Amino acid sequence: MNYLPIFIEIQQKPCLVVGGGDIALRKINLLLKAGAIITCISKDFCSGITDLGKQKRIICIKKAFEISDINSQILIVSATNINTLNAQISKIAKAKNIPVNVVDSPDLCSFVMPSIVDRSPIVIAISSAGKAPILARLIRAKLESTIPHAYGKLAQIAGDFREQVKAKFSNLTERRYFWEKIFSSVVAEKVFAGKIDEAKADLQAQLDSSNESEMGEVYLVGGGPGDPDLLTFKALRLMQQADVILYDRLVSSEVMELVRRDAELIYVGKERDNHSVPQDGINQLLVDLAKQGKRVCRLKGGDPFIFGRGGEEIETLAENSVPFQVVPGITAASGCSTYSGIPLTHRDYSQSCRFVTGHLKDGSMNLPWNELALEQQTIVFYMALKGASHLSEQLISHGMREDMPVALVEKGTTPQHKVYVTTLSQLGDLVEKTEIHAPTLMIVGEVVKLREKLNWFENRA
Ligand code: SAH
């Protein structure tokens with residue numbers, strides 16, 4: 001971060017603006033909105049500034065800037081078109097530790113003025129640290145169009161009820177839970193529709209009927225194969241409202257960046273990892289946390305119901321009457337094949353597709369080989385890296401062609417996405433001689449050949 005974003009209270013405090021043109025006027029208007037007492041010094045004033053002076057909303061002094069003008073000011077904006085004067089003002093202000101902003105000269109500033117989305121009391125400030133102001137403005141325009149104006153009103157009403165809510169819920173987590181419920185409830189809808197009195201009555205009713213220490217909830221969320229853009233809206237929403245996140249190694253760091261900033265993060269590793277929490281432990285932990293009233297997001301790679309043991313986790317929840325929701329995610333087969341330019345089915349090459357695990361519960365690989373070694377189908381093997389050579393031997397001995405194309409997709413959809421293409425007979429050799437890292441997905445079938453034409457992700461500009 002180049003700057004620390006803070007909001008300064010300047011109500012009824014003296015602020016100085018040097019310069020009398022349109023740019024100075026824009027800054028004055030902003031400072032006025034925040035309630036400052038403004039003195040504007042310049043040899044000439046534009047009509048807008050002159051008007052504000054006549055209306056006694058600011059103090060206009062027609063003169064050249066002098067060092068003593070800075071005395072007792074708490075904030076200074078220099079908006080003159082004389083570079084040496086701007087530099088002088090910046091130097092003096094900095095020497096006196098008074099925050100100074102020189103318009104369009106980031107080097108001379110000790111603070112910058114961000115782009116603003118104003119839904120007072122909610123204010124969003126956007127800064128590019130002077131690197132890309134137009135981009136900051138575009139972001140602002142996006143936010144302007146997506147955040148209803150009534151959010152300001154909603155925040156105001158919340159402020160009115162704040163003390164009551166504090167008195168009712170002694171615990172911070174419960175207060176947060178209450179407010180999050182309110183902000184996504186009919187109360188918010190009524191504020192947006194302009195029905196303020198009804199909204200207040202609803203809020204009061206919900207407050208009166210709320211109990212402390214309610215049971216929490218578990219969200220079993222599919223985090224997809226790695227690229228955060230592949231998350232669903234629902235996944236993102238629940239990741240951002242959970243109090244606790246339980247995650248494992250398959251969840252990419254980019255996806256983890258999107259969980260609620262102050263959520264408690266619990267790493268539960270992976271089965272084969274020595275430091276991991278065993279599956280029974282995870283199941284029980286989910287139950288315990290929910291019973292403490294927490295909203296728990298169990299974040300899993302890919303889809304929780306595809307080789308994710310998600311079923312086992314929520315079975316325990318169901319047995320303990322803990323409410324839960326399941327959010328599907330893009331499974332590795334889908335993400336990896338798409339980003340590798342390999343359609344899983346194709347009218348000419350493959351009319352069906354099977355998802356198979358290369359790692360069985362007892363460690364063996366006792367698969368229905370006869371059903372797998374067929375033409376015109378695609379087989380996607382999850383967790384198959386270790387058993388790759390055994391797998392290729394079995395498929396060949398059950399009649400699959402030795403030259404059947406195979407793709408290994410390493411860390412699919414992430415910035416480290418890498419694809420190895422080989423044939424069934426060469427597979428063991430490739431895995432032995434190359435350092436291929438987990439997670440890796442294996443795709444077997446004629447469709448792998450289509451990648452030569454369709455490999456969009458690695459070939460993109
Ligand atoms: N529930 C997950 C799968 C868990 S099993 C899903 O739906 O995707 C773990 C296996 O998934 C790994 O051994 C690997 O074969 C595969 N996998 C998961 N993410 C992957 C990725 N980004 N790239 C390649 N393979 C992946």
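Highest average first, the peptides 385-391, 3-9 ordered by how many other beta carbon atoms sit within 10 Å of their residues are 385-391, 3-9. Expressed as a whole number of Å, what is the distance separating the alpha-carbon centroids of the stretch 303-347 and the stretch 1-67? Their Cα centres are 58 Å away from one another. With neighbours defined as other Cβ atoms within 10 Å of a residue's Cβ, the residues Asp51, Asp69, Asp303 order from fewest to most as Asp51, Asp69, Asp303. Ranking of Lys27, Lys96 by neighbouring Cβ atoms within 10 Å, starting from the fewest: Lys96, Lys27. Taking one quarter of the surface of the C-alpha convex hull of the stretch 326-456 gives a mean projected area of 8.5 nm².
How many times 2.2 N^0.38 Å is the alpha carbon radius of gyration of the stretch 385-461?
Numbers: Rg = 12.7 Å, N = 77, 2.2 N^0.38 = 11.5 Å.
The value comes to 1.11.
In plain terms, the C-alpha convex hull of the stretch 14-113 casts an average shadow of 5.5 nm² when viewed from every direction.
For a straight C-alpha distance cut-off of 19 angstrom, the lysines reachable from Lys453 (same-chain residues fewer than eight places away being disregarded) are Lys418.
Pair-distance distribution P(r) for the stretch 1-61, from all Cα-Cα distances in 10 Å bins starting at 0: 23, 51, 19, 6, 0 percent. If you wrap the Cα atoms of the stretch 247-400 in a convex hull and average its projected area over all directions, you get 11.3 nm².
Rounded to the nearest 10 degrees, the angle from helix 310-319 to the longest Cα principal axis of the chain is 80 degrees.
Distance cut-off 28 Å, Cα to Cα: go down the list Lys411/Lys433; Lys27/Lys91; Lys27/Lys166 and report the pairs above it. Write out the running numbers ahead of the final one.
Working: Lys411/Lys433 18 Å; Lys27/Lys91 20 Å; Lys27/Lys166 38 Å.
Correct reply: Lys27/Lys166.
The share of alpha-carbon pairs in the stretch 217-330 lying farther apart than 23 Å comes to 17%.
If you take every DSSP beta bridge fully contained in the chain, what fraction is antiparallel? Give it as a percent rounded to 5. Before the final figure, lay out the partial values.
On the way: 21 of 60 bridges.
So the antiparallel bridges in the chain amount to around 35 percent.
Roughly what angle does helix 133-146 make with the longest principal axis of the chain, taking Cα atoms, 0 to 90 degrees, to the nearest 10? The two axes meet at around 80 degrees.
Take every Cα pair under 8 Å in the chain that's 6+ residues apart, average their separations, divide by the length, and report that relative contact order as a whole percent.
Numbers: 795 pairs, mean separation 43.5, N = 461.
Averaging sequence separation for qualifying contacts and normalising by length gives 9 percent for the chain.
Taking other Cβ atoms within 10 Å as a rough exposure proxy, His359, His149 sort from fewest to most as His149, His359.
Each helix, a run of at least 4 DSSP H residues, gives -39500 (n - 2.57); summed and divided by the residues of the chain, these come to -10500 deg cm²/dmol at 222 nm.
Computed from Cα positions, the angle between helix 22-33 and the longest principal axis of the chain comes to roughly 80 degrees.
Peptides 10-18, 118-126 ranked from most to least packed give 10-18, 118-126, packing being the mean of other C-beta atoms within 10 angstrom over each peptide's residues. Restricting the calculation to Cα atoms, the chain yields a radius of gyration followed by a Dmax of 30.6, 96 Å. Computed from the mean reciprocal separation of all distinct C-alpha pairs, what Kirkwood hydrodynamic radius does the stretch 78-234 have, in Å? After inverting the mean inverse Cα-Cα distance, the result is 19.8 Å. The ellipsoid equivalent to the alpha-carbon distribution of the stretch 150-209 has semi-axes of 19, 11, 10 angstrom, derived from the gyration tensor eigenvalues as √(5λ) and listed largest first.
Measuring spread by the Cα atoms of the stretch 331-385 yields a radius of gyration and Dmax of 12.2, 37 Å.
Read-outs: derived from the displayed coordinates by stated rules, not from any lab. None of these values were measured; they are calculated from a predicted model. Quick reminder, even Gly has a Cβ in these numbers, built from the backbone with ideal geometry, and neighbours come from all protein chains shown.
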